[in-house]
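Asks: Shown below is the structure under consideration.
A short reminder: the numbers here are calculations on the coordinates, not readings from a lab. The model shown is predicted, which means the values in this text are computed figures rather than measured ones. No Cβ is skipped: glycine too gets one built from the backbone with ideal geometry, and neighbour counts run over all protein chains shown.
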């Protein structure tokens, strides 16, 4: 008999379902995210990742099911929870017409960061972009912009961080730097991270555990290496492709291990 | 309500205006065009008519400046929201610990600052160009100014709610909504000058007693309390309904999952 899991649950979804015009984008989706854990949410386009992320951020209300963060129901405690969380996405931007330091200062004040100028300088240093401080945000490259968004995401020392495809459209060098910084900060501060990506390298390097979604349902869950070992695939990318093409195929055990 | 958060949201707009002087031009350019056109028209009428039109400059320019207060207050709310949409920043705000009331309050403050800038410039130009001193309108006008600003905020919330509901295709409402009501709120004429059937409609809007009251103050130099109380009462109703509409639409977009689509389109 295995020992009970005593790790602190930071985020929990129970039987989360979200329907759009009768179609289930999420179908009884349940999971737990623990303190200090990086959980990858994977799936093809339309698998339900974005819907899940939006429900978890309180941007979309679930049709049914329960969501709690830090032990509190999400909807009733949205502000308290958001104060301890943060978010960064490749698909949102900080106002392009402001300077980088101006954008970061505004968000530092929103989150009530003590000594915001010092904090901003530290984060810019950490992400190796102190030279961008006085640049216009809208004129940054994709890689620079991603790192500035991450600065914003780390401003309030979040205990829960949601990263939506943080390395999308980045070159391999910058993507590698971003992954390393995320992992470093996450380990130092024991942050719980929910991470979505289409880049399997990201997932293998950053995530402790992975959930594969297909048509709104969880079809695989485990560590990246366990998932590969349990499938008839050689690597996570093959697993991804098989699930994207036919989610059920992976329910069959790997031929080698079945013998 | 957290004032730190409101001030942070206002600071963002101040940075924006300080960084892009063209936005200041927008605040001043159209009011100035209006002022010069109407100023010249009223001078022309005055020169070519008998003495009973003597107060035209006072009435027209006064009405125009007051209309601009309403328009700028409405714009403060609606354009501040659109700025977040245009810059794809809306999601960052909605996933930050910002309450709806704090977000709206920051847009009210931005609206107030826009009014302040526009009013100072228009007052100076009308004084220099047409010898029209806004302060001759009496201090009694201040409560009417404030009521007009509050009605502008309510219209701003209604415009924003409609844009949130119908998406960016409805953006033009940010500019159009005040003009939908302009014909019936008696900005430049009295209620009794309107067709009889439309007069009861006019009294449904707080702006009507405000403009009627303004004319009363300018004519008699004394306060028109009935108009003021009617405007204030209607404003309480409008502000409450507009706030309720905004929150209702926001929840509806969350329920239907439209918020993220709208914020990232």
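Asks: Can you give the direction-averaged projected area of the convex hull of the alpha-carbon atoms in segment A:8-128, in nm²? Provide the component values of the computation, followed by the final result.
Replies: Details: hull surface 37.7 nm².
That works out to 9.4 nm².
Asks: Measure out, as a whole number of angstrom, how far apart the alpha-carbon centroids of segment B:142-212 and segment A:118-147 sit.
Replies: Rounded to whole Å, the Cα centres lie 44 Å apart.
Asks: Turning to a different aspect of this structure: Between helix B:21-47 and chain B, what is the angle of the helix's C-alpha long axis to the longest principal axis, kept within 0 to 90° and rounded to the nearest 10?
Replies: For B:21-47 against chain B, the angle is about 20 degrees.
Asks: Run the simple label-point estimate for residue B:255 and residue B:120 please: 7 Å along Cα→C-beta, distance reported in nm.
Replies: Calculated label separation equals 4.6 nm.
Asks: On a 0 to 90° scale, report how tilted helix A:172-189 is relative to the longest principal axis of chain A, with both axes built from alpha carbons and the result rounded to the nearest 10.
Replies: 90 degrees
Asks: Something else now. Students often get this wrong: which residues of segment B:155-173 have the backbone nitrogen under 17 Å from the point 7 angstrom along Cα-to-C-beta of residue B:204?
Replies: B:155, B:158-159
Asks: Treat the count of other C-beta atoms within 10 Å as a stand-in for reagent exposure and order A:232, B:224 from fewest to most. Intermediate values should be presented prior to the final figure.
Replies: Details: A:232 17, B:224 21.
By the 10 Å Cβ count, ascending, the order reads A:232, B:224.
Asks: Could you give the radius of gyration (one decimal) and Dmax (whole number) of the Cα atoms in the protein assembly as shown, in Å?
Replies: Both quantities, over Cα of the protein assembly as shown: 28.3, 108 Å.
Asks: Could I ask something else about it? Looking only at other chains, what is the average number of their beta-carbon atoms within 10 angstrom of each beta-carbon in A:100-107? If you can, show how the numbers build up before the last one.
Replies: Numbers: counts 0, 1, 7, 5, 0, 4, 13, 5.
If you average over the peptide's residues, the count of other-chain Cβ atoms is 4.
Asks: Could I ask something else about it? Starting from the Cα of residue A:14, step 7 Å along the direction of its Cβ; do the same at residue A:121; then give the gap between the two resulting points in nm.
Replies: The two pseudo-label positions are separated by 4.8 nm.
Asks: If each residue's Cβ is checked for other Cβ atoms within 10 Å, how do B:222, B:159 rank with the fewest at the top? Each step should come with its number before you reach the end.
Replies: Details: B:222 10, B:159 29.
With the sparsest Cβ surroundings first, the list reads B:222, B:159.
Asks: For chain A, take the longest principal axis of its alpha carbons; what is the angle in degrees between that and the long axis of helix A:116-126, to the nearest 10 within 0 to 90?
Replies: Once rounded, one gets 60 degrees.
Asks: For segment A:88-156, take every pair of Cα atoms, bin their distances at 10 Å starting from 0, and report each bin as a whole percent.
Replies: Taking all Cα pairs of segment A:88-156, the binned fractions are 23, 62, 15 percent.
Asks: Eigenvalues of the Cα gyration tensor times 5, then square-rooted: what semi-axes does that give for segment B:3-264, in whole angstrom, largest first?
Replies: Values: eigenvalues 236, 87, 50 Å².
Over the Cα atoms of segment B:3-264, the ellipsoid semi-axes are 34, 21, 16 Å.
Asks: Based on DSSP H runs of at least 4 residues, each adding -39500 (n - 2.57), what is the mean residue ellipticity at 222 nm of chain A after dividing by all its residues, to the nearest 500 deg cm²/dmol?
Replies: Values: 10 runs with 95 residues, N = 259.
Here the helix-only value at 222 nm equals -10500 deg cm²/dmol.
Asks: Between the alpha-carbon centers of segment A:1-42 and segment A:81-103, tell me the distance in whole angstrom.
Replies: 25 Å
Asks: Helix-derived [θ] at 222 nm for chain B: sum -39500 (n - 2.57) over DSSP H runs of at least 4, divide by residue count, nearest 500? Don't skip to the answer; put the middle values down first.
Replies: On the way: 11 runs with 203 residues, N = 265.
Taking each H run of at least 4 residues, the total per residue is -26000 deg cm²/dmol.
Asks: If you restrict to DSSP beta bridges whose two residues both lie in the protein assembly as shown, what percentage is antiparallel, to the nearest 5?
Replies: Values: 21 of 39 bridges.
Expressed as a percentage, antiparallel bridges in the protein assembly as shown total about 55.
Asks: If you count, for each residue, the other Cβ atoms within 10 Å and average over each peptide, how do A:206-214, B:27-35 line up from highest to lowest? Each step should come with its number before you reach the end.
Replies: Numbers: A:206-214: 22.7, B:27-35: 16.4.
Averaged packing, sorted descending, gives the order A:206-214, B:27-35.
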